Amino acid sequence: DYRIGAHDLLQITVFQVEELSRQVRVNSSGMISLPLVGAVHAGGLTVAELEAGISKALGKDLVQDPQVTVFVQEFTSQRVTVEGAVTKPGIFPLTGKTTLLQTIAMAQGLDPIANPQGIVIFRMVKGKKMAALFDIKRIRHGDMDDPLIYGDDIVVVDRSGGRSFIKGVTDTLRGFIGFQPIIY
């Protein structure tokens, strides 16, 4: 389950108590401020845990049997690193569901020397570093799914014809579907 982080934007709704419903941004300490309740720790909690915590706080002599829903509108605590043959490499915030094509667009597209068939996503899966190879041309033509990007993913775009570490990784991953363990 997704864990709420600093700078995420949350929509908090208290059923039939419109005055308590609002949009709040998690501060850098992981806290939010709500009317009648005050400061509430949100950072590191799942949505369900935060809903339960707010319900418990409101239920203490304030609201009878409060029904609270929390919706994460922006996942700004989640970031993706994009490097290699893109126009503007960097670290970009993820604000909701983001695909590989959208991530490449955040980096202002592929560099003219990019290898569109050599795009690798590195991801931690159950404590292990994994990687998967993607072909932007096939994704654009609908022959391959446009994968979702998750917080802390690293997207590396290979250069055409060059010899590099990423070239060795792309050669190793060619022919595999999905994420594979990285062997150095």
Of the residues that make up region 5-16, is at least one open to solvent by 30 Å² or more (accessible area, probe 1.4 Å), among the acidic types (Asp, Glu), closer than 29 Å to residue 121 by Cβ and in contact (Cβ under 8 Å) with a residue 12 or more places away in the chain? no
When restricted to 72, 26, 82, 40, the only residue more than 19 Å from the chain's Cα centre (by Cα) and either under 30 Å from residue 116 (Cα atoms) or open to solvent by less than 40 Å² (accessible area, probe 1.4 Å) (or both) is 40
Scanning region 49-65 residue by residue, those at pLDDT below 95 and either hydrophobic (A, V, I, L, M, F, W, C) or surrounded by 19 or more Cβ atoms within 10 Å (Cβ to Cβ) (or both) turn out to be 57, 58, 62, 63
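So that you can scan it fast, the table gives a plain yes or no per residue for (1) in contact with an Asp or Glu (Cβ under 9 Å, 6 or more places away or on another chain); (2) of a type in the set (Val, Ile, Thr):
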{"residue": "6", "(1), (2)": "no, no"}
{"residue": "9", "(1), (2)": "yes, no"}
{"residue": "12", "(1), (2)": "yes, yes"}
{"residue": "16", "(1), (2)": "no, no"}
{"residue": "22", "(1), (2)": "no, no"}
{"residue": "33", "(1), (2)": "no, no"}
{"residue": "43", "(1), (2)": "yes, no"}
{"residue": "74", "(1), (2)": "yes, no"}
Inspect all residues belonging to region 149-161 and state whether any of them is more than 30 Å from residue 6 (Cα to Cα), at pLDDT below 90, not in a strand (DSSP E or B) and not charged (D, E, K, R).
yes
Counting only residues that are touching a Phe, Trp or Tyr at 6+ places or on another chain (Cβ under 9 Å) and free of Cβ contacts under 8 Å to residues at least 40 places away in the same chain, region 130-144 contains a total of 1
Checklist entry - Looking at residue 127, is it loosely packed, with under 13 Cβ neighbours inside 10 Å and either in contact (Cβ under 8 Å) with a residue 12 or more places away in the chain or on the phi > 0 side of the Ramachandran plot (or both)? => result yes
Selection from region 130-162 of residues surrounded by 15 or more Cβ atoms within 10 Å (Cβ to Cβ) and aliphatic (A, V, I, L, M) yields 130, 131, 132, 133, 136, 139, 144, 149, 154, 155, 156, 157
Those residues of region 85-96 which are at pLDDT 90 or above, assigned to a loop (DSSP other than H, G, I, E, B) and open to solvent by 30 Å² or more (accessible area, probe 1.4 Å) amount to 87, 88, 89
Query raised in the report: Could you say whether any residue in region 18-41 is basic (Lys, Arg), at negative phi and in contact (Cβ under 8 Å) with a residue 60 or more places away in the chain?
Result: no
Sole miss for residue 49 among (1) free of Cβ contacts under 8 Å to residues at least 24 places away in the same chain; (2) in a loop (DSSP other than H, G, I, E, B) is condition (2)
Filter region 97-119 for residues that are part of a strand (DSSP E or B) and closer than 15 Å to residue 151 by Cα; the one that is nearest to the chain's Cα centre (by Cα) is 98
Among the residues of region 52-79, the number that are of a type outside the set (A, V, I, L, M, F, W, C), outside any strand (DSSP E or B) and farther than 13 Å from residue 3 by Cα is 10
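The values are calculated or read from the model by the stated rules, or taken from the named source; none is laboratory data. Since the model is a prediction, treat every value here as computed from it, not as a measurement. Positions of Cβ are generated from backbone atoms using ideal geometry, with glycine treated the same way; all protein chains shown enter the neighbour counts. In case anyone asks, the SASA skips ligands and DNA or RNA and just uses the protein heavy atoms, side chains included. Shrake-Rupley method; radii C 1.70, N 1.55, O 1.52, S 1.80 Å.
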